[in-house]
Amino acid sequence: MQTPITPRNEGSSNNKRREHSLLSKIIVIVKLLYSPIFELIEVKRALKYVITRLLSKLVAMTLLNYKCIKIRKEMNKVSTYHDFENLGLILDKLQGKDVWKREKESHLYDYQRIESRLENM
């Protein structure tokens, strides 16, 4: 009996690691905030600012991850290639995997040579 092949979900694994890393940083900063060493008002204000920024980043990453999971589930339900492609393009944009389409320059290939060949066609 063969086991079914399922696609790996690499993106959410990385997001979870980043979320965990941010959360651990927030916990360390909160512990420092309430320790007797940090009595200065300016230090506390700066730490509160950092915590706020980290929490907002964590929330944004969590929402992005939720949207990506929702789109992947929707992709499994569609019945036409056109719908699947549209959802895939949306997912690529959310994850930033469409940047290469907009940027001609790359260290991986001679983009000027390719561009000149395209113009000559």
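The values are calculated or read from the model by the stated rules, or taken from the named source; none is laboratory data. Quick caveat: nothing in here was measured; it's all calculated off a predicted structure. Note: ideal-geometry Cβ built from the backbone for every residue, glycine included; neighbour counts use all protein chains shown.
Restricting the first member to region 76-103 and to residues that are without any contact (Cβ under 8 Å) to a residue 40 or more places away in the chain, and the second to residues that are of a type in the set (Phe, Trp, Tyr) and surrounded by 10 or more Cβ atoms within 10 Å (Cβ to Cβ), the beta-carbon pairs closer than 6 Å and six or more apart or on different chains are 78/84.
Taking region 70-83 as the range and being more than 23 Å from residue 15 (Cα to Cα), surrounded by 13 or more Cβ atoms within 10 Å (Cβ to Cβ) and not aliphatic (A, V, I, L, M) as the test, only 83 passes. Output yes when any residue across region 79-87 is modelled with pLDDT of 85 or more and outside any helix (DSSP H, G or I), and no when none is. Yes. Scanning region 3-29 for residues that are over 14 Å from the mean Cα position of the chain (by Cα), modelled with pLDDT under 75 and not hydrophobic (A, V, I, L, M, F, W, C) gives 3, 4, 6, 7, 8. Restricting attention to region 98-121, the residues that are closer than 29 Å to residue 16 by Cβ and surrounded by 13 or more Cβ atoms within 10 Å (Cβ to Cβ) total 1.
Scanning region 62-82 for residues that are farther than 17 Å from residue 93 by Cα and among the hydroxyl-bearing types (Ser, Thr, Tyr) yields a count of 3.
For (1) modelled with pLDDT of 75 or more; (2) farther than 22 Å from residue 94 by Cα; (3) in contact with a Pro (Cβ under 7 Å, 6 or more places away or on another chain); (4) acidic (Asp, Glu), each residue gets a yes or a no:
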{"position": "31", "(1), (2), (3), (4)": "no, yes, no, no"}
{"position": "37", "(1), (2), (3), (4)": "no, yes, no, no"}
{"position": "44", "(1), (2), (3), (4)": "yes, yes, no, no"}
{"position": "60", "(1), (2), (3), (4)": "yes, no, no, no"}
